[in-house]
Amino acid sequence: MTERKKKANNGPQGAKEKSPGGAQTLMRGLDVLEMVRDGPVSLLELSENLGLTRSTAHRLAAALVERQYLSFTPRRGYSLGPLILALGHCARTQIQLARVARPILEDLAKQTDDIVHLGVIEGDEVLYLEKVPGKRRILISSHVGERQPIATTGLGKALILEESEEYWKKLYGMAVSKPRESLSAWMDRMKVYQKDDYALDLEENEDRVRCVAAPIRDVENRIVAAISVSSAAQYMSDDRMQALVPIVQEATRAISRELGWQDPGV
């Protein structure tokens, strides 16, 4: 028995066959991906090793090729596609980012007494990767793994500082709860944020909660994440928010340097 056959047969195939239609199709698609992880596999190998008819194997593989999870080369077969490689890179980046950022986030939370978040862009939303509590007895409903709108969060606005104004307008229009400013006023504020490399949430995403955010950059000087300091509005006067900007920016620069970023101004 080949190594690929061993891998294919090790799983609870019987359990998969009993799964309902949608879940069964998903599990079979994952089986196909696992089959090709060590190199190109022919349609015949997919069919025989996974116990599928040739037509079913071809249908699954063709769908994965269409979505770029697989690539197909004549006379060689199916192999991992560009989207899998991109997802793997993103996963490695996020794992590295969380590991590098955690001690800096903890220091920032101690320095400010407030809650600190780390987030990345996920589609057209912000994905929260880390949350470090502060010392104040306040409740902010965010949690790791949560997704939030971009246009109304400090993290979201910090993450799109390099994007076009057309994209900004699109995100403003997508917000379920519109920002409290008109589009023109919101755009003007975004231009200020872009110029000064930070962003604020002025109770736009959650009542009585304000935050100061700044972007994290990678070795190519691209924004890959952002962090924010969040607190109840009573602790976030306009003056204090402005005083927090350089503190948050220094934390983001420290994380960015760990990712290989070099300050262009140095």
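Quick grid of which residues meet (1) at pLDDT below 95; (2) touching a Pro at 6+ places or on another chain (Cβ under 7 Å); (3) on the phi < 0 side of the Ramachandran plot:
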{"residue": "91", "(1), (2), (3)": "yes, no, yes"}
{"residue": "94", "(1), (2), (3)": "yes, no, yes"}
{"residue": "156", "(1), (2), (3)": "no, yes, yes"}
{"residue": "163", "(1), (2), (3)": "no, no, yes"}
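Can you pull out the residues in the stretch 195-213 that are at pLDDT below 95 and part of a loop (DSSP other than H, G, I, E, B)?
203, 204, 205, 206, 207, 208
Can you tell me how many residues in the stretch 191-236 are surrounded by fewer than 16 Cβ atoms within 10 Å (Cβ to Cβ), basic (Lys, Arg) and within 18 Å of residue 112 (Cβ to Cβ)?
So the answer is 1.
Checking the condition part of a helix (DSSP H, G or I), among the basic types (Lys, Arg), assigned by TED's automatic domain parsing to the domain that holds residue 195 and over 15 Å from the mean Cα position of the chain (by Cα), which residue from 110, 157, 135 passes?
110 is the lone residue from the list that is part of a helix (DSSP H, G or I), among the basic types (Lys, Arg), assigned by TED's automatic domain parsing to the domain that holds residue 195 and over 15 Å from the mean Cα position of the chain (by Cα).
Given the options 103, 40, 74, name the one that is closer than 26 Å to residue 127 by Cα, at pLDDT 90 or above and not basic (Lys, Arg).
103
Go through the stretch 242-266 and give me each residue that's part of a loop (DSSP other than H, G, I, E, B) and among the β-branched types (Val, Ile, Thr).
Answer for the stretch 242-266, where residues must be part of a loop (DSSP other than H, G, I, E, B) and among the β-branched types (Val, Ile, Thr): just 266.
Listed residues 128, 167; which is in contact with a His (Cβ under 7 Å, 6 or more places away or on another chain) and either under 27 Å from residue 240 (Cβ atoms) or not in a loop (DSSP other than H, G, I, E, B) (or both)?
Of 128, 167, the one residue that is in contact with a His (Cβ under 7 Å, 6 or more places away or on another chain) and either under 27 Å from residue 240 (Cβ atoms) or not in a loop (DSSP other than H, G, I, E, B) (or both) is 128.
Residue 64 - would you say it is hydrophobic (A, V, I, L, M, F, W, C), at pLDDT 90 or above and either within 30 Å of residue 170 (Cβ to Cβ) or surrounded by fewer than 19 Cβ atoms within 10 Å (Cβ to Cβ) (or both)?
Against the criterion (hydrophobic (A, V, I, L, M, F, W, C), at pLDDT 90 or above and either within 30 Å of residue 170 (Cβ to Cβ) or surrounded by fewer than 19 Cβ atoms within 10 Å (Cβ to Cβ) (or both)), residue 64 qualifies.
Among residues belonging to the stretch 132-156 that are out of contact with any Ser or Thr (no Cβ under 9 Å at 6 or more places or on another chain), of a type in the set (A, V, I, L, M) and within 17 Å of residue 207 (Cα to Cα), point out the one that is surrounded by the most Cβ atoms within 10 Å (Cβ to Cβ).
The selected residue is 150.
Among the candidates 33, 52, single out the residue that is part of a helix (DSSP H, G or I), over 29 Å from residue 217 (Cβ atoms) and touching a helix residue (DSSP H, G or I) at 6+ places or on another chain (Cβ under 9 Å).
33
If residue 163 satisfies every condition in (1) without any contact (Cβ under 8 Å) to a residue 60 or more places away in the chain; (2) surrounded by 15 or more Cβ atoms within 10 Å (Cβ to Cβ); (3) under 25 Å from residue 110 (Cα atoms); (4) of a type in the set (Asp, Glu) but one, which is the exception?
Here residue 163 meets the rest and fails (3).
Do we find that residue 162 is outside any helix (DSSP H, G or I), charged (D, E, K, R) and more than 22 Å from residue 234 (Cβ to Cβ) in this structure?
So residue 162 fits the description; yes.
Conditions: (1) without any contact (Cβ under 8 Å) to a residue 40 or more places away in the chain; (2) touching a Ser or Thr at 6+ places or on another chain (Cβ under 7 Å); (3) more than 19 Å from residue 141 (Cα to Cα). Residue 239 meets all but one. Number of the miss?
(2)
The values are calculated or read from the model by the stated rules, or taken from the named source; none is laboratory data. Keep in mind it's a predicted model, so treat the numbers as computed, not measured. Reconstructed Cβ throughout: ideal geometry from the backbone, glycine too, with neighbour counts over all protein chains shown.
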